[in-house]
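All remarks here apply to the structure that follows.
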Amino acid sequence: MNRTSLGRSVALAATLGALAALVGCSDNRLPPVPVPKAEQKSQLPRWYPEKAWTAKEGQSQIYIEGKIVFETGSATIRKFGETEKVLKTLLAFVNDHPEVTRLRIEGHTDDAGAEDKNQDLSARRALSVCNWLVDNGVSHLRLLAVGFGETKPIAPNELEMGRAENRRTEFHVAEVDGKPFLGKDPTAGGMVLDVPSLEERKAEEEARKKPVVAVVPTLKFKPTGNEVKKVQDKQISLDPTQKKPEQKK
């Protein structure tokens, strides 16, 4: 073997040895992701993780993470857990968007129970959310309480998970600067309940607290006293078949 062949063999052996070392010591772990510097961090959107609403997008729904939970079969809000967070986020949206002159609160249910009762329940639940906003400083004139019952499902009612998804409350921009948003019906064709002002609700509550006094009807008699009434003179004819009264002697 000449020097040239020997040199090639040595080089080939060295190359193979290096490859073997690399294979034996290989690491399958992914390289660490470098932490961005403070100036490189992107600012989170204001409504993260909610989708911010802008009139330019042409989308009426306001997306807020979480769900408002009610008592079973009732319009009473369970004010704990994610419910409070959703309500506060919604309140912040209304306060930060004065151009939204009318906000539609939609109530939706699953298909369990009678359809008319579901629609009434969904409307009353929407009204409860409106009343909460009014209690926290929002004008009742900016709110619409609308119930759709079981007419707009977003998941199959055959599954429990689907029914839970259908029991929901949605928030939609109905008017912007006093005009119907996108030229659509602000009520969207649902069952609308009047949203009273805070003063009106307080007056109704005070009226309910007042005791109801039962009034027992009494008969009224007009006192006449002892009266002697004159009998008109009339000729009395006796029945001839009857005996005449015997005169005393």
> Taking only protein heavy atoms and a 1.4 Å probe, what accessible area per residue, in Å², does segment 173-217 have with all protein chains in place?
Replying inline: 77 Å²
> Want the number for Asp194 to Lys152: 0.36 nm per residue separation, take away the alpha-carbon distance, what's left?
Replying inline: 12.9 nm
> Where the Cα atoms of segment 119-190 are projected onto their three principal axes, how long is each span, largest first, in whole Å?
Replying inline: 41, 30, 18
>> Among the listed pairs Lys117/Lys152; Lys56/Lys184; Lys67/Lys117; Lys85/Lys117, which have their C-alpha atoms separated by more than 26 angstrom in this model?
In response: Lys85/Lys117
>> Accessible area of segment 160-222 with a 1.4 Å probe: how many percent of it is carbon plus sulfur?
In response: 58 percent
> Hey, if we sort Met161, Met191 by accessible area with the 1.4 Å probe, largest down, what's the order?
Replying inline: Met161, Met191
>> Taking 0.36 nm per residue of sequence separation and subtracting the Cα-Cα distance, how much length would be gained by fully extending the chain between Glu84 and Asp135, in nm to one decimal?
In response: 17.0 nm
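The values are calculated or read from the model by the stated rules, or taken from the named source; none is laboratory data. Values in this document were obtained by computation on a predicted structure and should not be read as measured data. Note: accessible area is taken over every heavy atom of the protein model, side chains too, but ligands, DNA and RNA are not part of it. Shrake-Rupley method; radii C 1.70, N 1.55, O 1.52, S 1.80 Å.
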